[in-house]
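The values are calculated or read from the model by the stated rules, or taken from the named source; none is laboratory data. In this text, all values refer to a predicted model and were calculated from it rather than measured experimentally. All Cβ positions, even for glycine, are placed from backbone atoms using ideal geometry, and neighbour counts span all protein chains on display. Quick note on the areas: whole protein, heavy atoms, side chains included, nothing else; ligands and nucleic acids left out. Shrake-Rupley method; radii C 1.70, N 1.55, O 1.52, S 1.80 Å.
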Amino acid sequence: GGNSMKKDFPLLTNIDIAYLDNASTTQKPKQVIQAIVDFYENSNANVHRGIYNLSQKASLMYAEAHETVAKFIGANEDEIIFTKGTTDSINILAQSLKKTLKEGDEIVISEMEHHSNIIPWQQVAKEVGARLKYIPITDKFELDMDKAKKLINKKTKIVSVVHMSNTLGTINPIKELTELAHKFGAVIIIDGAQSVPHMPIDVRGLDCDFLAFSGHKMVGPTGIGVLYGKRARLEKLDPSVFGGGMIKEVTKEAATWADLPEKFEAGTPAIAQAIGLAEAIRYLENIGMKKVFVHGQKLTKYAQEQLSQIEGIEIFGPEENRGSMIAFNVKGIHPHDVSEILNQKGVAVRAGNHCTMPLHNRFELQGSTRASFYIYNTEEDIDRLAKGIRTAKEILK
Ligand code: C6P
């Protein structure tokens, strides 16, 4: 039915749109926009540097943002590193972990990874002579865990897997993968770009070593993301970005690193964005992450029902245990053409390979159209999508 939350999102009031590209980025509530404006109008200064009150206020707010994020995922505040986003988090980590690898070591990822969790490992593997291995996907759009059990072995040093696929919606068995990786002493990294916005996350429960996610996919601003790491892991790891703010002492010859998390946050950070992200988390916590998850599940079920009634449509992803999105193709019509007609009808979806080319190749697809949902979406938005697809079929047949 209707959704009173929409009134919090100025763009959704200002523009008549069924915004169904939330896996790409979400809209921002006025609370988050206002928090950023407030910061610039009343608290703006650099952090960690000034003795004056204003800088101390900004520093405190920035520290509080670490605390808010930490509480949200069940971590300690010194385990939260602010980055530019998921891509940045994984790149920073890959460069740091590179120094722990040697020739012949193995890195295990999966066939459903986003390019951001493929290319950094390809590069690292090339540089150190490590081998990159892929957990295959079954015809039911799930990780082949039998194969995973063979792929992950004593040569494995790193396992990096997506929690919720941004194309299939598949929710992967992280706990099982974590246990597998740890059995062989490998570190496990979770790409939480899609899961953290949509479900309650507890890093202690998952027992992952690292978790990467983006603020902009969870009603926060762009330019801010998170790299969570277990304190013991982060303490042992060398930083890969160097400069101001991340050191204790510097001589002409050498430097010592600051404590966590500063060690991994070189340069002036995205202060306003971090404060915006903290406000986004408060907004989501106010709703409750369980409710956020259930709402996404309901909409996805509804979309599956509505779309499967359209003749010639093929829906990708598992039937059950999937996230808040649905990728599909309409027989004989290019995904770009479907989205263009949808665009004309005020429905925003994504078309193409969604930065998962190896995944599309696995199913011999050129691309797909993807509708992805969030807290403010309604069944009416999905009705509009279904109607638009029917129109596209009529026009393009
Ligand atoms: N996926 C999508 O439309 P960044 O761009 O750094 O905030 O997030 C990268 C990323 C990493 N992993 C997963 C699983 C993702 O879904 C994304 C971003 C968007 O699906 C943009 S390509």
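A compact table of results
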| read-out | value |
| --- | --- |
| In Hz, Karplus ³J(HN,Hα) per residue of segment 359-374 (6.51, -1.76, 1.60; θ = phi - 60°; x = Gly, Pro) | 5, 5, 4, 4, 9, 6, 10, 6, x, 7, 9, 10, 10, 10, 10, 9 |
| Of all accessible heavy-atom area on segment 1-153, the percent that carbon and sulfur account for (1.4 Å) | 52 |
| Accessible area of segment 238-359 belonging to carbon and sulfur atoms, whole % at 1.4 Å probe | 50 |
| Accessible surface, the chain, averaged per residue in Å² (probe 1.4 Å) | 44 |
| Calculated FRET value between Met145 and Lys71, using beta carbons and R₀ = 22 Å, to 0.05 | 0.10 |
| Residue-span extension gain [Ser308 to Arg231] - 0.36 nm each, minus C-alpha spacing | 23.1 nm |
| 3J(HN,Hα) from dihedral phi, segment 315-327, Karplus parametrisation 6.51/-1.76/1.60, rounded to Hz, x for glycine, proline | 9, 9, x, x, 5, 10, 6, 10, x, 8, 7, 8, 9 |
| Computed FRET value (nearest 0.05) for Thr100 with Asn361, which takes r as the C-beta separation and R₀ as 35 Å | 0.70 |
| Candidates per chymotrypsin sites (Phe, Trp or Tyr not before Pro) in segment 1-61, loop by DSSP, up to 11 other Cβ within 10 Å | Tyr52 |
| Spin-label model distance (nm) - Ile33 vs Asp383, 7 Å beyond Cα toward Cβ | 2.7 |
| Contour excess over end-to-end distance, with Cα ends at Glu394 and Lys155 and 0.36 nm allotted per residue | 80.6 nm |
| Pairwise centroid distance, computed over Cα atoms, of segment 155-182 with segment 248-325, Å | 16 |
| Inter-probe distance in nm under a simple model that places probes 7 Å from Cα toward Cβ, at Leu60 and Asn46 | 2.2 |
| Gyration tensor (alpha-carbon) shape descriptor, segment 173-245, a/c threshold 1.5 | oblate |
| Max mean-square fluctuation residue, GNM over the chain, Cα-Cα springs under 10 Å, options Ser160, Ser116, Ser89 | Ser116 |
| Burial order of peptide ranges 189-202, 338-351 (average beta-carbon count within 10 Å, highest first) | 189-202, 338-351 |
| Helix-only [θ]222 nm of the chain, DSSP H runs n ≥ 4, -39500 (n - 2.57) each, per residue, nearest 500 | -12000 deg cm²/dmol |
| Two-decimal Rg to Rh for segment 48-186 - Kirkwood Rh, Cα set | 1.07 |
| Fraction of antiparallel bridges per DSSP, the chain only, in percent to nearest 5 | 60 |
| Segment Asp202-Ile15, length gained on full extension (0.36 nm per residue, minus Cα span) | 63.7 nm |
